[in-house]
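A.B. asks: My structure is below; once you've seen it, I'll send some questions.
The values are calculated or read from the model by the stated rules, or taken from the named source; none is laboratory data. Since the model is a prediction, treat every value here as computed from it, not as a measurement. Backbone-built Cβ (ideal geometry, glycine too); neighbour counts: all protein chains shown. Heavy atoms of the whole protein, side chains included, go into the accessibility calculation; ligands, DNA and RNA do not. Shrake-Rupley method; radii C 1.70, N 1.55, O 1.52, S 1.80 Å.
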Amino acid sequence: MELKDIIKDYKYRHQLTNDEIAQKLGVTKSTVSRWISGDVKRIQDETLKRLNELLGYDIEPVIKGKSIHLKRPILGYAKAGYDMYGENNYMGEEEVTEEDFYKGDYFLQIQGDSMTGSGIMDGDLALIKQCSYASTGDIAVVMIGGEEVTVKRIIKKPDMLILEATNPLVENRYFSNEEVEQLPVRIIGKVVYTKTYF
């Protein structure tokens with residue numbers, strides 16, 4: 001992983017322009033462009049300090065060509081069930097491989113047992129790829145009414161959206177197209193994989 005990869009990832013996750021990143025760091029837009037293109041290998045100490053603060057970890061080893069431990073934030077809980085309110089709580093970080101660093105953006109801790117048929121257990125950490133679209137059959141993170149967050153399999157019908165539980169003891173939830181718009185029911189991510197800790 002190189003400096004350009006780290007900057008690109010930060011830019012993507014926070015939906016920022018090169019200009020906005022430059023303003024945050026007190027550098028020129030062209031400097032950020034050169035970082036992203038891989039043309040700049042060295043950074044002045046003061047800029048490096050601001051960059052570390054912005055990214056949340058020390059990137060000096062990357063610039064020196066050393067390997068670093070990559071991490072993704074754990075951003076709270078998602079209910080594999082219903083009636084759990086989303087909590088945007090920073091709960092620490094989880095180490096990931098370089099490959100997984102690009103596959104997902106953050107972790108959520110699963111609460112509940114409605115997705116056990118898919119191997120998603122209570123207490124698992126789920127790596128989530130931030131997105132606003134999921135296809136039928138995808139396991140997605142869904143926000144209902146702006147507060148409730150749940151993990152379910154998505155089933156799309158012409159006149160409704162079904163949030164399917166893979167535990168037969170838990171009922172599915174059905175939303176008309178009108179409810180999807182009005183509540184709203186929004187897809188906020190897709191589950192890449194889960195980690196179980198015993």
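A.B. asks: Quick one: count up the residues across segment 157-173 that are out of contact with any Asp or Glu (no Cβ under 7 Å at 6 or more places or on another chain) and either exposed (fewer than 14 other Cβ atoms within 10 Å of the Cβ) or β-branched (Val, Ile, Thr) (or both).
C.D. replies: Counting residues in segment 157-173 that are out of contact with any Asp or Glu (no Cβ under 7 Å at 6 or more places or on another chain) and either exposed (fewer than 14 other Cβ atoms within 10 Å of the Cβ) or β-branched (Val, Ile, Thr) (or both) gives 9.
A.B. asks: Take segment 140-162 and flag every residue that is in contact with a helix residue (DSSP H, G or I) (Cβ under 9 Å, 6 or more places away or on another chain) and either assigned to a loop (DSSP other than H, G, I, E, B) or of a type in the set (Lys, Arg) (or both).
C.D. replies: Arg153, Pro158, Asp159
A.B. asks: Taking segment 148-168, which residues are out of contact with any Ser or Thr (no Cβ under 7 Å at 6 or more places or on another chain) and touching a residue at least 24 places away in the same chain (Cβ under 8 Å)?
C.D. replies: Matches in segment 148-168: Glu148, Val149, Thr150, Val151, Lys152, Leu161, Pro168.
A.B. asks: Collect the residues in segment 17-60 that are closer than 30 Å to Leu125 by Cβ, open to solvent by 40 Å² or more (accessible area, probe 1.4 Å) and either without any contact (Cβ under 8 Å) to a residue 12 or more places away in the chain or part of a loop (DSSP other than H, G, I, E, B) (or both), keeping them in residue-number order.
C.D. replies: Hits for segment 17-60 are Glu53, Gly56, Tyr57, Asp58.
A.B. asks: Can you run down the residue pairs with Cβ atoms below 8 Å, 6 or more apart or on separate chains, where the first is in segment 107-126 and farther than 14 Å from Ala165 by Cβ and open to solvent by 10 Å² or more (accessible area, probe 1.4 Å) and the partner is of a type in the set (S, T, N, Q) and in a strand (DSSP E or B)?
C.D. replies: Gly123/Gln109; Gly123/Gln111; Leu125/Gln109; Leu125/Thr194
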